[in-house]
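A short worksheet on the structure shown next.
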Amino acid sequence: AVPRTRILATGGASHNKKILQVLSDVFNAPVFTIDTANSACLGSAYRAIHGLVAERNVSLADVVKLAPEPRLAVTPTPGVEEV
């Protein structure tokens, strides 16, 4: 796995621990979720906010800092990198 790789899962499948575990094992990375309704639109919303404040030299990274903190849902199964 690439060091410091993590997956942020959103949408309906993010509520299914078995699907999240498969993602974690395949990519050998922890999977995080956020408790936000309509999270699939979240990236577009942050881009829109960024567009509104861009002339004030506010970076997208600073805008995204306002996002709810993702919570760890699952981690890779031990030994998965050997499979």
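The values are calculated or read from the model by the stated rules, or taken from the named source; none is laboratory data. The structure displayed is predicted, hence computed values, not measured ones. In this analysis, Cβ positions are derived from the backbone assuming ideal geometry, glycine residues included, and neighbour counts consider all displayed protein chains. When the accessible area is computed, the model is the full protein with side chains, heavy atoms only, and any ligands, DNA or RNA have been set aside. Shrake-Rupley method; radii C 1.70, N 1.55, O 1.52, S 1.80 Å.
The conditions of being touching a Ser or Thr at 6+ places or on another chain (Cβ under 6 Å), more than 17 Å from residue 76 (Cα to Cα) and surrounded by 16 or more Cβ atoms within 10 Å (Cβ to Cβ) are met by residue 39. Only one entry in 62, 25 is of a type in the set (D, E, K, R) and open to solvent by less than 70 Å² (accessible area, probe 1.4 Å), namely 25.
Scanning segment 33-59 for residues that are of a type in the set (S, T, N, Q) and closer than 30 Å to residue 83 by Cα yields a total of 1. For segment 11-32: of the residues being within 14 Å of the chain's Cα centre (by Cα) and in a loop (DSSP other than H, G, I, E, B), which is farthest from residue 83 (Cα to Cα)? In this case the residue turns out to be 11. Within segment 42-83, the set of residues being farther than 20 Å from residue 14 by Cα and not in a helix (DSSP H, G or I) comprises 57, 58, 59, 65, 66, 78, 79, 83.
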